[in-house]
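Bear in mind these aren't lab numbers, they're just calculated from the coordinates by the rules spelled out. All figures in this text were calculated on a predicted structure; none of them were measured in a lab. Here the Cβ positions follow ideal geometry from the backbone for every residue, glycine too, while neighbour counts run over all protein chains shown.
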Amino acid sequence: MTALMGIDTRLKLARLYLVTDARAATGDLAPFASAALAGGVDMIQLADADLDTRAELDALATLRTAAQQHQALLATFGNPDIAGEFAADVLHLPDDGSDAKKARRSLHQFAVVGRSCRDADDIARALADEAVDYLVVNADITAIEYTAQLAPPADPESKPWFAAGGITLDYLDVVLEAGARRVMVSRALSRAKDPQQAAAAFRAKLQEVWHDPAMEAVTMSAFKSGPLVGDAEAFPYPPKPRDDGLSIG
């Protein structure tokens, strides 16, 4: 039995979070995802408003295959019904006022829920919401500093949160200086000539701040939050069979 990390452990240790569309224009979703994950992406999320339900499930299945090879987390976006159909481990909700507790009813018992936050009120509500496991906040200095004050990244009891919004490798230094220790990116990898190399460059800078002694308690806490487990526990719920007979994972 291969030793793997559980969902909670992987979330707490996650540093680099990638959002991608289905890459219909280039037709290279699988190799792109594999390259980004090999470079150091910990979480990958599909967000593509142009997909119908079947196309979204098919794209998610492609990403799941790549993610499991790297013990990375795969997030569905916005729709609890699709997350439930896919037996998703992660559902990320937009800042639309949707009820995270209600959304959880569509998920398996070990799944985690994230929430996008635009402003201080969003951040405070998401941190106080027991149904929300992690946050994604705007990558402006004020929002980052505010979130870091309420949820210090070096505090093992803080909810994980990611800074997001046009983060480039150069701007990453600014984001880290403001207090972020996790980031969500999109174009910085999706438009890169070499996604693996681009991801590795982000990963290297993130590793530097995670090697700070202040972050060691977070790493230790992450491993204490769940033991190393086998395949069935790390990936507890295979996708449900499709009504049309097509497996989705």
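With 0.36 nm allotted per residue and the present C-alpha distance subtracted, the A204-D28 stretch has 60.8 nm of extension available. Scalar couplings 3J(HN,Hα) for region 96-109, obtained by applying the Karplus form with A = 6.51, B = -1.76, C = 1.60 to θ = phi - 60°, are 10, x, 5, 8, 5, 5, 5, 4, 4, 5, 7, 9, 6, 5 Hz; x denotes Gly and Pro.
How large is log10 I(q)/I(0) at q = 0.10, 0.16, 0.21 Å⁻¹ when the Debye formula is applied to the Cα atoms of region 34-173, each weighted equally and without solvent? Values returned for q = 0.10, 0.16, 0.21 Å⁻¹ are -0.35, -0.90, -1.39.
The amide H of W161, built 1.01 Å from its N in the peptide plane, has L135 as neighbours under 5 Å, considering only residues 5 or more places off or on other chains. When you restrict to C-alpha pairs under 8 Å that are six or more residues apart and normalise by the size of the chain, the relative contact order lands at 26 percent. Once the chain from S221 to F110 is taken as fully extended at 0.36 nm per residue, the excess over their C-alpha distance is 38.2 nm.
Pairwise Cα separations in region 180-222 fall into 5 Å bins from 0 onward with the following percentages, short to long: 5, 20, 26, 18, 13, 11, 6, 1.
In order along region 196-208, the Karplus-derived 3J(HN,Hα) couplings, from 6.51 cos²θ - 1.76 cosθ + 1.60 at θ = phi - 60°, round to 5, 5, 5, 4, 5, 5, 4, 4, 4, 5, 5, 4, 4 Hz, and Gly and Pro are given as x. Where only DSSP H runs of four or more residues are counted, the chain gives -13000 deg cm²/dmol as its mean residue ellipticity at 222 nm, each run worth -39500 (n - 2.57). Listed by chain and number, the lysines placed with their C-alpha closer than 20 angstrom to that of K224 are K12, K159; residues fewer than eight positions away on the same chain are left out.
When the charge dipole of region 1-96 is built from unit charges on Cβ atoms (+1 for Lys and Arg, -1 for Asp and Glu) and taken about the Cα centre, the candidate among A75, Y17, L51 whose Cα reaches farthest toward its positive end is Y17.
Can you compute log10 of I(q)/I(0) for the chain with the Debye formula, treating each Cα as one identical point scatterer, at q = 0.07, 0.09, 0.11 Å⁻¹? Each listed q corresponds, in turn, to -0.21, -0.35, -0.54. In plain terms, the chain is cut at each of the GluC sites (Glu not before Pro) found in a DSSP loop with at most 10 other Cβ atoms within 10 Å, and the longest leftover piece is 1-129.
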